[in-house]
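Undergrad: Sharing a structure below in structure tokens format, with a few things to ask.
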Amino acid sequence: MSTSNLFGRWHGYRYFEYEKELALREVEAQIGKVVDQLPDGLLIRSTGASKDSLQRLTYFREFDGLNGSPVRTHQAVLEGSIWAGSAQGYRPSARQQTRYSVHGIHEYKGKFNPQIVRAVANILSVEAGSWMLDPFCGSGTSLVEAAYLRCNAIGVDLNPMGVLIANAKIATLHARPAELQSSVSAIAKQLRRYTTELSHHDRVSHRLLSRVAGSEWQKSIPSYDYLSKWFSAPVLCQLALVLRRINGLTDLRARDLFLVILSDIVRNVSLQDPADLRIRRRKNPRPNYPVIHDFLAALEKRIGTICAALEAVPVSKHRQAAFRHDARLPVTGAVKGLPRGGFHTAITSPPYATALPYIDTQRLSLCLLNLIDAGEIAHTERALVGSREINRRERLQLEKDITSNSSRLPSSVASLCRELLAAARCGSHGFRRLNTPGLIYRYFVDMKMMFTSVARVLRPQARFALVVGPNKTSFDSRGFLIETPALLANVAESVGYKVEELLDLDAYQRFGLHQKNGIKSERLLILRSTSK
């Protein structure tokens with residue numbers, strides 16, 4: 001086998017140290033040995049590197065030295081496709097782009113960084129045609145990256161909004177750009193005639209709303225009594241008109257994609273503070289917002305980005321799908337189309353203990369799109385792994401469970417929870433602080449169940465990668481660092497996994513509000529299944 005020297009050139013943006021570490025690991029797993037590290041890239045000695053193996057790498061713009069022609073990576077092409085249609089065309093980005101292709105159709109707090117997904121898949125030597133599982137798939141970042149790596153992937157999540165977004169992304173990746181553009185043109189033509197009357201006036205009479213949208217337009221809004229408290233009448237009427245046109249589309253791929261894009265502007269046109277993770281009212285809301293105008297602008301921009309990516313890097317006909325399912329419960333029998341023999345790998349970014357309030361953040365969209373009824377909001381939130389919601393009776397039972405360690409968690413977890421419980425019982429604390437020990441214990445119990453469930457569908461010796469960070473809490477002046485990654489490693493070992501590695505990562509500050517309490521670091525936990 002011939003040996004050749006290749007030069008992998010960095011992207012044009014500043015790297016975190018962990019990204020260069022992941023880049024080294026990718027090279028070693030996929031193409032060869034790093035000979036030298038230079039300011040603008042890596043010199044690599046390779047035996048038999050192919051164009052495909054170079055194109056799949058994450059943290060490189062291009063490679064020189066293969067048959068005399070530069071090979072640009074798919075990652076560079078996808079990030080560069082954001083500029084397609086501009087006067088400059090493709091150009092290296094001065095900052096890392098995470099909203100290329102379908103990744104940017106909907107904001108999702110705590111979203112997995114797509115570059116990390118791709119890099120980890122390469123490090124784990126996930127091959128084209130293999131099967132990947134994500135037990136907490138959220139809005140489908142891992143499924144999208146699996147599609148670009150020509151892998152099959154199944155994701156599960158309890159959040160119906162995440163599952164809708166994930167499946168809309170996947171369906172869009174397999175759509176034809178011309179068909180998407182045609183659907184945009186059709187719906188824009190139908191809606192633009194309403195913008196003058198409804199989108200740009202602060203005072204819109206009920207008579208005008210009935211004349212434009214019909215006398216019974218309110219009946220087309222799911223959970224109307226609840227949503228009418230969070231949207232002005234002109235805004236709800238515009239939403240009803242948009243929903244009517246979207247639901248009338250015959251192209252199901254476009255329909256779900258357009259619903260997701262509509263959902264992404266819902267918080268901005270509501271009476272709530274769109275910057276707050278919880279649902280709190282704006283201090284000075286406007287009586288009307290240009291829903292139709294904003295929707296059409298978002299539609300045109302995002303479809304343009306998507307089509308540029310589809311034309312730049314088409315995906316192959318492998319299967320990716322998301323299902324609404326609880327990862328703590330057996331996947332077999334609940335999810336259709338599982339691979340025979342099990343999954344080759346699993347990659348996920350799990351919830352944190354006392355996780356982000358996903359349902360609370362997305363409740364307006366969930367109700368508007370009829371994914372849940374307003375009366376189901378609290379129950380749906382409480383059902384999620386990492387939920388902060390428990391009542392007093394549940395807290396007292398969890399405190400008993402901590403004392404006896406009824407779920408037989410590893411001693412490192414049990415002793416931490418006992419220490420937290422002792423601190424909570426000293427002094428005077430509000431219910432949120434009092435709930436913390438029980439919530440932490442319940443989180444690790446839930447994660448133990450998840451590890452057991454996933455182990456049943458992994459192939460022997462398959463690897464499972466998790467990206468997760470620590471938590472902090474305090475009681476009076478005493479602070480506690482909850483080393484979630486290391487504790488999860490202990491939990492995984494207790495149910496039969498082998499821990500291969502814990503690698504430090506620098507976390508991105510993904511949103512500004514609550515940034516002072518944000519996670520400043522994450523860790524990559526790599527496990528190996530020992531099940532037979």
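The values are calculated or read from the model by the stated rules, or taken from the named source; none is laboratory data. What you see is a predicted model; the values in this text were computed from it and never measured. For neighbour counting, all protein chains shown are included, and Cβ atoms are generated from backbone atoms with ideal geometry for every residue, glycine included.
Undergrad: Select from the range 349-387 the residues that are surrounded by fewer than 18 Cβ atoms within 10 Å (Cβ to Cβ) and free of Cβ contacts under 8 Å to residues at least 60 places away in the same chain and list them in ascending order.
TA: Of everything in the range 349-387, those that are surrounded by fewer than 18 Cβ atoms within 10 Å (Cβ to Cβ) and free of Cβ contacts under 8 Å to residues at least 60 places away in the same chain turn out to be G375, E376, A378, H379, R382.
Undergrad: Scan I390, I402, I347, I359 and give me the residue that is out of contact with any strand residue (DSSP E or B) (no Cβ under 8 Å at 6 or more places or on another chain) and within 28 Å of Q320 (Cβ to Cβ).
TA: Selected residue: I359, the only one of I390, I402, I347, I359 that is out of contact with any strand residue (DSSP E or B) (no Cβ under 8 Å at 6 or more places or on another chain) and within 28 Å of Q320 (Cβ to Cβ).
Undergrad: Also, quick follow-up: Name the residues in the range 197-216 that are hydroxyl-bearing (S, T, Y) and under 16 Å from H293 (Cα atoms), would you?
TA: S199, the sole residue that qualifies.
Undergrad: Please determine, by comparing only the residues of the range 187-197 that are surrounded by 18 or more Cβ atoms within 10 Å (Cβ to Cβ) and hydrophobic (A, V, I, L, M, F, W, C), which one is farthest from N284 (Cα to Cα).
TA: The qualifying residue farthest from N284 (Cα to Cα) is I187.
Undergrad: Hey, does the range 347-364 have a residue that's at pLDDT 95 or above, part of a helix (DSSP H, G or I), within 20 Å of Q272 (Cα to Cα) and touching a Ser or Thr at 6+ places or on another chain (Cβ under 7 Å)?
TA: yes
Undergrad: Filter the range 308-334 down to residues that are β-branched (V, I, T) and assigned to a loop (DSSP other than H, G, I, E, B) and give me whichever is nearest to V144 (Cα to Cα).
TA: Checked the range 308-334; the qualifying residue nearest to V144 (Cα to Cα) is V315.
Undergrad: Look at the range 407-448 and say how many of its residues are more than 32 Å from the chain's Cα centre (by Cα) and either of a type in the set (F, W, Y) or under 21 Å from A327 (Cα atoms) (or both).
TA: Selection size over the range 407-448: 0.
Undergrad: Now for a different question. Could you look through the range 1-26, keep only residues that are in contact with a strand residue (DSSP E or B) (Cβ under 6 Å, 6 or more places away or on another chain) and over 15 Å from Q115 (Cα atoms), and pick out the one that is surrounded by the most Cβ atoms within 10 Å (Cβ to Cβ)?
TA: G8
Undergrad: Follow-up question, since we're still on this one. Inspect all residues belonging to the range 170-185 and state whether any of them is under 30 Å from L24 (Cα atoms) and either part of a loop (DSSP other than H, G, I, E, B) or touching a residue at least 60 places away in the same chain (Cβ under 8 Å) (or both).
TA: Among the residues of the range 170-185, at least one is under 30 Å from L24 (Cα atoms) and either part of a loop (DSSP other than H, G, I, E, B) or touching a residue at least 60 places away in the same chain (Cβ under 8 Å) (or both), which makes the answer yes.
Undergrad: Just one of R176, R118, R150 is closer than 22 Å to F60 by Cβ, among the basic types (K, R) and surrounded by fewer than 21 Cβ atoms within 10 Å (Cβ to Cβ); which is it?
TA: Result of the check over R176, R118, R150: R150.
Undergrad: Output the residues belonging to the range 71-99 that are of a type in the set (S, T, N, Q) and at pLDDT below 85.
TA: S86, Q88, S93
Undergrad: Kindly state which helices (runs of 4 or more DSSP H) lie completely within the range 198-262 and contain at least 2 residues that are assigned by TED's automatic domain parsing to the domain that holds N288, crowded, with 21+ Cβ neighbours inside 10 Å and hydrophobic (A, V, I, L, M, F, W, C).
TA: 233-247
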